[in-house]
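Please read the structure below before turning to the comments.
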Amino acid sequence: QVQLVESGGNLVQPGGSLRLSCAASGTSFSCNVMGWYRQAPGKQREFVVSITNGGSTNYADSVRGRFTISRGNGENTVNLRMNSLKPEDTAVYYCNCDYRWMRYWGQGTQVTVSS
């Protein structure tokens, strides 16, 4: 059974930084695409960033220049460096792994940006 586990969420002040990590286990395949979505209270889940197994990245306009995604050392791991955080970045961040027609999700990690 595929399982994605996120870590690194926390409370941080505006302008601060956080690093999120995600690791997929229980797979017999390499995720074609991994990435992050987020969902703020009362809002729909929205795309944040993705990275292909070839290293191509795609960022939402709202985070471009502040967030950086990278592949981790292990297979099916991904990191998200978030700088210059804003209160509007507050959300539950979900990691995803795409393989063929399937999308797998983690349980999410809470990021709160507040003074």
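The values are calculated or read from the model by the stated rules, or taken from the named source; none is laboratory data. Predicted model, so just to flag it, every value in this text is computed and none were measured. Positions of Cβ are backbone-derived with ideal geometry, glycine not excepted, and every protein chain shown enters the neighbour counts. For the accessible areas, the whole protein counts, side chains as well, though only heavy atoms, and no ligand, DNA or RNA atoms are used. Shrake-Rupley method; radii C 1.70, N 1.55, O 1.52, S 1.80 Å.
Worth pointing out:
- Look at the stretch 44-64: where a residue is more than 23 Å from Lys86 (Cα to Cα) and basic (Lys, Arg), no partner that is open to solvent by 40 Å² or more (accessible area, probe 1.4 Å) and modelled with pLDDT under 95 sits 6+ places away or on another chain with Cβ atoms under 7 Å.
- Scan of the stretch 14-30 for residues that are in contact (Cβ under 8 Å) with a residue 60 or more places away in the chain and closer than 14 Å to Ile69 by Cα, ordered by number: Ser17, Leu18, Arg19, Leu20, Cys22
- Subset of the stretch 85-112 [charged (D, E, K, R) and either in contact with a His (Cβ under 6 Å, 6 or more places away or on another chain) or open to solvent by less than 40 Å² (accessible area, probe 1.4 Å) (or both)]: Asp89, Asp98
- Selection status of Gly15, modelled with pLDDT under 95 and open to solvent by 30 Å² or more (accessible area, probe 1.4 Å): no
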